[in-house]
Every structure is written in C-alpha cells, then in structure tokens.
Protein chains: 2
Amino acid sequence: MTAHVHTAQEAPSARERILDAASRLFAEHGVRAVGVARVISEAGVAKATLYAHFPSKDDLVRAYLERQAERSEREIEALERAGLRGARLIRAVFDLAANAAAQDRYAGCCFIAAAAEHLDDSGGVSQVLADQRRSLLQRFDRCLDEDDPRSRDRTARQLMALLDGAKVASLEEGAAAFDAVDPLIDLLAGPSETGSTGVRAQL
Amino acid sequence: MTAHVHTAQEAPSARERILDAASRLFAEHGVRAVGVARVISEAGVAKATLYAHFPSKDDLVRAYLERQAERSEREIEALERAGLRGARLIRAVFDLAANAAAQDRYAGCCFIAAAAEHLDDSGGVSQVLADQRRSLLQRFDRCLDEDDPRSRDRTARQLMALLDGAKVASLEEGAAAFDAVDPLIDLLAGPSETGSTGVRAQL
DNA sequence: TTGACCAGACCGACCGGTCTGCCTACTTTC
DNA sequence: GAAAGTAGGCAGACCGGTCGGTCTGGTCAA
C-alpha cells in the first residue's frame, strides 16, 4: 500500500493524484459518466498505475466515497471540537451542505448520486453509503436532548429526511434550497438559543 | 405518432410495449444501466421499430419520464376528484409515494434517480424533471390554507423536501422511511382533522 | 401495393482491463 | 564510488465486450 506520508513540499503520490482527479470528475459528472481513461488523463498517470493502486474501477469508486465520508465526518468533528453542541451542531451540518451546494461546479450530494447510480449494487458501494447514513443518523441522535429514545430516533430521521430533501432540491435551486427548511431545523433540533452558528457565513 | 387508442381486448401497440418495457427496466435498474438491446428484447420488438418511434435513447428516456409524471399527476387528480382536499390531499401524495416504496422491485423515485444520472444534461431530461417538480410544488401550495403567499411557498418547499428526503431514505428502509416524517406532515399541512386518508391502507 | 413490423447483421466508438517496453531513481553489493 | 538490481511510474498498443444507432431483407395484413 505504501502509505506514504508527505510533507507539504513533496508532490502528492500517484495514488493521491488519481483519487483527487477521480473525486473531482465523479462529483461533477457522476460515476458512470466518467471512464478510467479520463481519470488517468486528468491525473497525469499511466493506466497501469491506476490499476496497480485500485484493482478495478469499482474499488476506485468505493475509495472515493469512503474518503468523502471521512472528510465529512472530520469536518463535523472539527466543529464539535470548536464547541458546537446539540442544536447548533445540527444546524452546522446543514450549513456545511448548503456551503457545498453554493460551490461553482456543484452537482449534488455525492452519496445520493452514487446511490442512484448503483441501484443494482454489484460492488460494496451501497455499503459505504449505508455506513455514512447510519453514522450521520447517530450523530443527529446524540445531538438531540429528548428523553425518549424512540422519539429521539424519529426526530433524527426527520432531520435526515430534511437534509436529503434539501440536497435534492439544491440540484435545481442551489444553496437557496436550504433556506426553506431552515426554520424547521430549529423546531426539530430543540431550543434555537442564539441564532446563527456562523458556519454558513464562513463562505 | 399514431396515437392509437386501443380497447381493452386489442394487443398493445409496439410503441406502448416499448415504453412499458423501458419503464419497468429503467425504474428497476436505472437509465444508464439498461441498454436498448435489453429494452427491445423484453418488449419483443425489433430494434428498427424502437428507432422508428423514438429517434434516440434519450427521446425514449424523456418519454418514459413524461409518462411517469403524467401518471402521478392523474393519480393525484383522481384523489382530488374523490373529494380529498388540503391537508388530506397532501397526506395522500405522501401515501402514494409510500405505497410505491412498498412494491417488490422498488428502486427509488424515478425522478430523483434520473436527475442523479443526468448531471450533465445533454438532452431535455432535466427539463421534464424540473416541470414535474414545479407542478407538485404548485399543488402543495394550492392545498395550504395559509394567507401569506410567501409563507405558503415556504411550507410547500418544506413539504417537498420532506417528500424527497423520505424517498431517499426509502432506498434503504423501504416504505418504513415514511413513518418518521408522518407527524411532520400534519404539522406543516395544517389541521390534521380526521386521521388517515385511507389511501395508504389501500395496498 | 403499401406500411408496419420482425430478425439480425453490421458499424464506429467507447468501455474496463491487460500487457509490453522504456525510463528513472533508489538500494544493494562488491 | 561504481555496477547491478529493483521498484515504481510512464506511454500507449491491445483485448473482448458492449454501447447507441443504421441497414438489409423478409413476413404479414390491410
């Protein structure tokens, strides 16, 4: 695997260049619409090199989704470390998604898109998606301060639906799609306390 | 176009057999995963016949989505004709989606899936999707009894997000995904009045 | 005779994936 | 310190298969 650790000066390894190019292309055009030829072209890498690091395109796709899931997780953990808790952390998760939707070449949530492109899941792609989903659901659950676990679980699922729904709407409306659901977040997540988390304004 | 109208006895025209087979296959496996060869095979039709009716696969896809949108529209209109209004009609729309998610070979909402598969929209596919979306949004709006148009629009978008979110969740959880959002519908759509619309229980 | 349909060969393009061959840079050994 | 070996990456030819799409030729009913 050569889990090479680079300093900032070093050029990124071939594996990372491949994953970077694949991530950019997959996110913008979809997984099925991008062939390995285009990935190696934009990564500046030989075909054999790609297949040395990823046994098949499906492995590359899985690695792409896993990295994306890890990044999201780390972003949220960073916010938590910054002191955000409960309702404010939940709001921040929505704000992160809204920020992503505001990007120039935004083409929808990579997890929802990948799920739609892998209805027949021959590889382990949908497992990665299920894991990411469960992880976020649990985080919502932990952020809620309702006593009844059943009620907490239901509220977490409502928040998840709201997030996914806003992401779907953002395909056509961009980040503005998150405005409509905004008031509902407070309602579900608990006392709104002080207003904005500031995260959304960061970009 | 030969907009032939058959009685019940007549065998369906070639065009309809094509559209039926394509709809079944596209809905179950996704648009890109199904080739024209498979469509004509399951439709029992010659390749030339398909291309006589649909100039390209993209036209076939558009026809498939348009027909699906029309069917949804007609289902809702039938419920309206049956006397459902306001909040109860909104609930019925959710129940229709939940029923679809309960089907055996359900593989997600065809509109969301098609949107995810056509991030780069070369054909007019995304136009069909946008139309369907706008149409449903307007119907929600008409069903709400809030006075302020702005507030009504926002509530309609919240309902839409809830519906899309439940559809996304139903990819993994099936029709059960709609249970969680259920109480929120009443909250948004207005006075719950008498409980179930009965639609959901129909199947 | 005409027109709608059938079966299936055929086309060029592209797909994921393999393989050969060359080059470079580091490491081992004398 | 030079020679030899080795590992990783490069370019691109090549493979079988599938894609969307076209074309030929034949069947059948109106």
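For chain A, the longest principal axis of the C-alpha atoms and the axis of helix A:86-101 are separated by about 40°.
Counting Lys and Arg as +1 and Asp and Glu as -1, each charge on the Cβ, what is the dipole of region A:1-143 about the Cα centre in debye, to the nearest 20?
With only Lys, Arg, Asp and Glu charged at Cβ, the dipole is about 220 debye.
Just counting partner chain Cβ atoms within 10 Å, what average do the residues of peptide A:31-43 show around their Cβ?
1
Once the Cβ-Cβ distance of A:GLU146 and A:GLN103 is raised to the sixth power relative to R0 = 41 Å, the FRET efficiency obtained is 0.75. Reducing region A:154-176 and region B:93-131 to their Cα centroids gives an inter-centroid distance of 16 Å.
Rounded to the nearest 20 debye, the dipole size of the protein assembly as shown about its Cα centre is 740 debye, using +1 on the Cβ of Lys and Arg and -1 on the Cβ of Asp and Glu.
Each of B:ALA69, B:ALA82, B:ALA48 was placed along the dipole of region B:47-90 (beta-carbon charges, centred on the mean Cα), and the one lying farthest toward the positive end is B:ALA82.
If you take the beta carbon distance between B:ALA78 and B:ASP120 as r and set R0 to 41 Å, what does 1/(1 + (r/R0)^6) give as a FRET efficiency, to the nearest 0.05?
Details: r = 36 Å, r/R0 = 0.88.
That gives a FRET efficiency of 0.70.
Between helix B:177-189 and chain B there is an angle of about 50 degrees, using the helix long axis and the longest principal axis of the Cα atoms.
So for chain A, Kirkwood radius off the Cα pairs, Stokes-Einstein at 25 °C and 0.890 mPa s: how many µm² s⁻¹? Calculated translational D: 133 µm²/s. Dipole orientation for chain B: of the candidates B:LEU162, B:LEU184, B:ALA107, B:ALA107 has the Cα lying most toward the positive pole (charges on Cβ; Lys, Arg +1; Asp, Glu -1). A simple spin-label model places pseudo-atoms 7 Å from Cα toward Cβ; at B:GLN127 and A:GLU173 they are separated by 2.3 nm.
Bear in mind these aren't lab numbers, they're just calculated from the coordinates by the rules spelled out. These numbers were taken from a predicted model, which means no experiment stands behind them. Virtual Cβ from ideal backbone geometry, glycine too; neighbours counted across all protein chains shown.
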